[in-house]
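Undergrad: Below is the structure I would like to discuss, written out as structure tokens.
The values are calculated or read from the model by the stated rules, or taken from the named source; none is laboratory data. Everything quoted here is computed from the prediction, not taken from an experiment. Backbone-built Cβ (ideal geometry, glycine too); neighbour counts: all protein chains shown.
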Amino acid sequence: MEHSQYTAVDFLADETFQNYFYGTVAEDVIFWENYIKQYPEKVSEINIARQMLTTLSANKKPVSAELANFKQQFYKRASTVADVPEMYVDKGGRLKVLKYAFLALIILAGSIFFLSKTQIFNQKEIAGTQTAGIFKTERAQRKKVVLEDGTSILLNADSKITLRKGFNIKTRELDLSGEAYFEVAHNAAVPFIVHTGKMNIKVLGTVFNVKAYPNERKTEAALISGKIEASFNNQNSQKFVLKPSEKITVLDNILLKTNQNQSSVKPDEVFVGNLSLNSKNAVVETVWINNGFEINNESFAELQQKLEREYGVELVFKDKEVMNYKFTATLKDEPVTEVLKAMKTVNYFNYKIKKNIIEISK
């Protein structure tokens with residue numbers, strides 16, 4: 001079928017569109033960005049497909065598993081409807097559905113949106129369930145948030161966003177601690193601004209990832225599509241405008257001083273570069289949103305917080321030497337035991353698991 005004839009269901013079923021949605025394959029992101037410019041009349045169908053993918057992938061289960069569950073729920077409900085057409089998941093994990101099932105599919109998506117275990121919230125509906133305007137995750141947890149303006153945010157583990165007073169009136173401002181993937185609803189009249197401890201990111205309507213954990217040296221903003229402007233919270237008055245497939249990184253030298261007990265410290269360092277691709281041609285900065293786990297020449301000491309956040313465990317090193325072991329690996333949908341087994345093939349070590357405590361030794 002020609003892409004110009006696509007409906008929301010066709011977008012949903014297209015693997016390259018899924019790659020665009022997750023920002024995992026750069027060439028697919030470029031293709032669909034150009035498609036949207038060429039066929040602006042398809043934006044409403046694309047937004048429906050995005051919402052369906054949001055519903056299917058907000059938790060840590062693989063998308064293929066979510067689609068299979070989607071199918072199961074569909075059949076359960078479809079049993080009361082006459083002449084509902086076939087729908088299935090193929091070997092590649094892609095959803096297949098006849099076009100005239102579209103309305104039933106939309107109804108089911110709405111049902112799952114409110115009833116599934118994934119935690120998707122509308123800004124107006126959170127009062128009584130959590131502090132108004134604050135969304136957060138614990139370790140080993142992810143959460144999808146849909147704001148009043150239509151912006152969707154996927155929060156990584158141990159992260160928090162706080163909406164500032166007057167959100168969605170003259171501006172849409174929020175504070176982020178941790179990591180989040182943003183799909184910002186376009187509204188040129190009401191700018192969207194993300195504040196972190198080191199950097200502010202201003203957008204109009206775009207897709208980007210921000211990583212800003214308060215106990216880590218590196219703050220990073222990675223742009224998938226659209227445009228963002230980055231500024232800083234210190235004396236630095238510079239502003240950087242990023243293009244798609246670029247990222248900006250701030251290295252906190254004050255935190256480095258604290259960690260290494262240095263007597264003097266340089267100003268924060270700022271770098272602008274391109275997004276990284278792993279061996280599977282996926283964007284490293286956003287693999288986490290599709291349950292990926294990337295290790296790139298990192299020591300055990302550098303990986304400690306990352307592993308503890310991702311899996312809700314505590315690492316205890318019995319031998320300090322092991323903390324300096326370096327690892328590189330590309331993993332997806334793996335439990336912590338499989339991650340440790342993969343790491344052992346690079347640099348051998350022993351480990352014992354006692355509930356949520358992992359003891360590491362030579």
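Undergrad: Spot the failing condition for Phe240; the list is (1) within 20 Å of the chain's Cα centre (by Cα); (2) modelled with pLDDT of 85 or more, and only one is missed.
TA: (1)
Undergrad: Also, quick follow-up: Would you confirm, using the coordinates I've provided, whether Ile193 is hydrophobic (A, V, I, L, M, F, W, C) and either exposed (fewer than 15 other Cβ atoms within 10 Å of the Cβ) or closer than 20 Å to Ile289 by Cα (or both)?
TA: Here the answer is no, as Ile193 does not meet what is asked.
Undergrad: Does Glu216 satisfy being within 22 Å of Ser276 (Cβ to Cβ) and either in a loop (DSSP other than H, G, I, E, B) or basic (Lys, Arg) (or both)?
TA: Considered against the rule, which asks whether it is within 22 Å of Ser276 (Cβ to Cβ) and either in a loop (DSSP other than H, G, I, E, B) or basic (Lys, Arg) (or both), Glu216 comes out as yes.
Undergrad: Another question, if that's okay. Can you list residue pairs whose Cβ atoms sit under 8 Å apart, with the first residue in region 31-46 being in a helix (DSSP H, G or I) and the second being charged (D, E, K, R)? Count only pairs 6 or more apart in sequence or on different chains.
TA: Close Cβ pairs satisfying both conditions: Tyr35/Lys42; Ile36/Lys42.
Undergrad: Please count how many residues of region 159-185 are surrounded by fewer than 21 Cβ atoms within 10 Å (Cβ to Cβ), of a type in the set (D, E, K, R) and touching a strand residue (DSSP E or B) at 6+ places or on another chain (Cβ under 6 Å).
TA: 4
Undergrad: For region 219-236: of the residues being part of a strand (DSSP E or B) and of a type in the set (Gly, Ala, Ser), which is farthest from the chain's Cα centre (by Cα)?
TA: For region 219-236, the residue satisfying everything is Ser231.
Undergrad: Somewhere in region 299-313, is a residue in a strand (DSSP E or B) and closer than 23 Å to Tyr22 by Cβ?
TA: Checked region 299-313: no residue is in a strand (DSSP E or B) and closer than 23 Å to Tyr22 by Cβ.
Undergrad: Then there is this: With (1) under 24 Å from Ser159 (Cα atoms); (2) out of contact with any Lys or Arg (no Cβ under 7 Å at 6 or more places or on another chain); (3) surrounded by 14 or more Cβ atoms within 10 Å (Cβ to Cβ); (4) not hydroxyl-bearing (Ser, Thr, Tyr) as the list, and Arg309 as the residue in question, which single condition is left unmet?
TA: The one condition Arg309 does not meet is (2).
Undergrad: Among the residues of region 30-70 satisfying the criterion of being crowded, with 18+ Cβ neighbours inside 10 Å and of a type in the set (Lys, Arg), which is modelled with the lowest pLDDT?
TA: The residue in question is Arg50.
Undergrad: Has region 173-183 got any residue that is outside any strand (DSSP E or B) and at pLDDT below 95?
TA: There is no residue in region 173-183 that is outside any strand (DSSP E or B) and at pLDDT below 95.
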